[in-house]
Amino acid sequence: MNPLIKYVTSFKLLYMIGGGLFFYLLGVLFDFVFIPDLDLPENFCHKWIETRSGYQKRTECVEFNSKLVELKYRHNQKMGQRRANKMIGLFIAASILTFLLMILNPSLFFGSEVRIENYTGAMATAVFYGITLGFILPTIFQLILPPPADWLPLEFSEIRKSRIEFILTEIKKKAE
């Protein structure tokens, strides 16, 4: 059999494409429903400062136009942290799923003669697949596919709108 055809029909490639698509869709769903950013007006900040955390620099607003704008800004910062936690969660989930599949049937990943006696190699392979399935392939799918708002069912848009309205109501109560 042609080696290219053999590789294209292999479990590893199908697992990477299918798993990458699954984790992309899971990430889109989480972003769309559970991580809503709020719109901020232009020139919402009067004074910016630059802060350092180790080697990382970032600018942060310290003087806002109003208390409402400040609360929206803080909410968006929390959503940025939640987005980072989502990415770490997707990586961990992809690594654990791959590791469990390797334990159940190592021949899918390593060949028919291989038995897993030392889990170090399996863990390293699972981390590689976790990076590929949790970070790289979802990013590629995000670049290739149209924006999720265009193809997700309208129910998700309605859920997002109601979550944003609820958050704005809570923020307005805090601002008063």
- [ ] Being open to solvent by less than 30 Å² (accessible area, probe 1.4 Å) and within 20 Å of LEU68 (Cβ to Cβ) is the filter here, so list the residues in the range 13-43 that pass it.
- [x] PRO36, LEU38
- [ ] State whether one or more residues within the range 46-63 are without any contact (Cβ under 8 Å) to a residue 60 or more places away in the chain, open to solvent by 50 Å² or more (accessible area, probe 1.4 Å) and of a type in the set (Gly, Ala, Ser).
- [x] yes
TODO: Restrict the check to the range 68-81 and report whether at least one residue is open to solvent by 90 Å² or more (accessible area, probe 1.4 Å), farther than 29 Å from LYS161 by Cβ and either of a type outside the set (Gly, Ala, Ser) or touching a Pro at 6+ places or on another chain (Cβ under 9 Å) (or both).
DONE: no
Open item on the list: Could you list, ordered by first residue, the pairs with Cβ atoms under 7 Å in which the first is in the range 67-79 and modelled with pLDDT of 90 or more and the second is in a helix (DSSP H, G or I) and open to solvent by 50 Å² or more (accessible area, probe 1.4 Å), at least 6 apart or interchain?
Closed with: LEU68/LYS172; LEU71/LYS174
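The values are calculated or read from the model by the stated rules, or taken from the named source; none is laboratory data. Since we're looking at a predicted model, the values are computed, not measured. Note that we place each Cβ from the backbone using ideal geometry, even for glycine, and neighbour counts take in every protein chain shown. Calculation scope for accessible area: heavy atoms of the full protein, side chains included, ligands and nucleic acids excluded. Shrake-Rupley method; radii C 1.70, N 1.55, O 1.52, S 1.80 Å.
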